[in-house]
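Here is the structure we will look at, set down as structure tokens.
Nothing in this text is a laboratory measurement; each read-out follows from the coordinates by a stated rule. It should be emphasised that the depicted structure is a prediction, and the values quoted were computed from it without experimental measurement.
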Amino acid sequence: SITVSDGQVTRSIGPFDIAVTQFSTGSAMLSWVPPTLNTDGSVLTNLSGFIISFGRSASALDQTITLSNASISRYLVENLSSGTWYFMVKAVANGIESTGSGIASKTAP
């Protein structure tokens, strides 16, 4: 129970129970090497950013993060619930997405 007083009046509530549930979130640090060439071998000059796709299945990467900065080559994905997560990165140039990187995975606690 809890009792409070302002020096003149005293009030009490309770008893009551408090349940503490452990909640943990995981994170995954992704890093990649930005492309420098187009698929035809010419120099890539118009890279505009990256798209990170991720999800709970390697075949269902249903969440995305868009990075509109071509100089970023690392990103921390936070607030991942417990379990295994799968990730893929695509480069974006002239509004066109590249094919995806290989799929990586991480198990969050």
- Query: Looking at segment 23-109, what % of the alpha carbon pairs are farther apart than 15 Å?
  - Reply: 58
- Query: Using the Karplus equation 6.51 cos²θ - 1.76 cosθ + 1.60 (θ = phi - 60°), what ³J(HN,Hα) coupling, rounded to whole Hz, does each residue of segment 66-74 give in order, writing x for Gly and Pro?
  - Reply: 9, 10, 9, 8, 5, 7, 7, 9, 8
- Task: Choose one answer from Thr45, Thr66, Thr84: the residue with the largest mean-square fluctuation in a GNM of the chain with alpha-carbon springs under 10 Å.
- Result: Thr45
- Item | the chain - percent relative contact order, Cα under 8 Å, separation 6 or more | 27
- Note on the structure: Which of Leu44, Leu61, Leu30 fluctuates most in a GNM of the chain (C-alpha springs under 10 Å)? That residue is Leu44
- Give the whole-number value, in cubic angstrom per residue, of the convex hull volume spanned by the C-alpha atoms of segment 39-86. 109
- Potential extension, Ala108-Asn94 segment - 0.36 nm per residue separation minus Cα distance: 1.6 nm
